Amino acid sequence: MMNLQKIYRSLLIETVVREKLNKIVKDLLGKHVGGRPFFDALDDAIKDVVNEDIIIEIMGGMENQWIATSGGFGDRLYDMWESGKIKCRGMVVFNGKMCTNKIGVTCWYPEDFDLNNKSFVFVDDSLFSGGTVKKIDDFLISNHNSSIENVSVVYDGSPNRNPLVKSLFRYYQ
């Protein structure tokens, strides 16, 4: 019976998220043609939609994974991990706004996190071009013999479907 309750809860969360995201996307498309301005506005808008239940949903089954994340969403994820609300093997948070500010990896925390010889899952609220993932992956490969193996996001806005990306909502069907 517990499994049915978990499945129902998961489907309910996904349905609620999908409805909220559909409304946000529709409203934003009335203001933006698309591209970077649209997805920057979308990033800002979905921060209100992404609550703890949704984060718990996208983090499901990652108890044995190393997690990489970035920016403000990463800060929130890290706080939930530290408080025991989500489980993973370990988590590192990289600086945010890598694509917006045209920078690469400049810092991460915890500063003493061992980045060497690990396969990470990158977790974020949204994916547009994959630029942030690529910058972190390039940094990990070049400097630490590590890499990002999978991506888990709430919202996938990439025009090309990537089998390594798991999302609750995909803009391009």
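FYI, it's all coordinate maths here, none of it is from the lab. Remember, predicted model here, so these are calculated numbers, not experimental data. Note: ideal-geometry Cβ built from the backbone for every residue, glycine included; neighbour counts use all protein chains shown.
Tabulated results
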quantity: Choice from ASN150, ASN101, ASN160 showing the highest fluctuation, given a GNM over the chain with Cα pairs closer than 10 Å; calculated: ASN101
quantity: Rg [Å, one decimal], Dmax [Å, integer] - region 52-170, C-alpha atoms; calculated: 13.1, 37
quantity: Whole-Hz couplings from phi, Karplus 6.51/-1.76/1.60, listed for region 121-130; x for Gly and Pro; calculated: 9, 8, 10, 8, 6, 8, 10, 10, 9, x
quantity: Region 87-94 - phi-based ³J(HN,Hα) in whole Hz, Karplus 6.51/-1.76/1.60, Gly and Pro as x; calculated: 10, 7, 5, x, 9, 10, 10, 8
quantity: Beta bridge orientation in region 76-173: antiparallel %, DSSP, nearest 5; calculated: 15
quantity: Rg/Rg_ref, region 29-97, where Rg_ref = 2.2 N^0.38 Å and atoms are Cα; calculated: 1.27
quantity: Fluctuation leader among MET59, MET91, MET80 - the chain, Gaussian network, Cα springs under 10 angstrom; calculated: MET80
quantity: Candidates THR69, THR132, THR106: whichever shows maximal mean-square fluctuation once the chain is modelled as a Gaussian network with Cα springs under 10 Å; calculated: THR106
quantity: Amide H contacts of GLY96 (H built 1.01 Å from N, under 5 Å, at least 5 apart or other chain); calculated: GLY71
quantity: Lysine pairs with alpha-carbon atoms under 17 Å apart, the chain, spacing 8 or more or separate chains; calculated: 14
quantity: Span from the region 61-89 Cα centroid across to the region 124-173 one, whole angstrom; calculated: 16
quantity: Residue-wise HN-Hα coupling along region 61-75, computed from phi with Karplus coefficients 6.51, -1.76, 1.60 (Hz; x: Gly, Pro); calculated: x, 9, 4, 9, 9, 7, 10, 10, 8, 8, x, x, 5, x, 4
quantity: GLU149-PHE113 FRET efficiency (beta carbon distance; Förster radius 25 Å; 0.05 resolution); calculated: 0.90
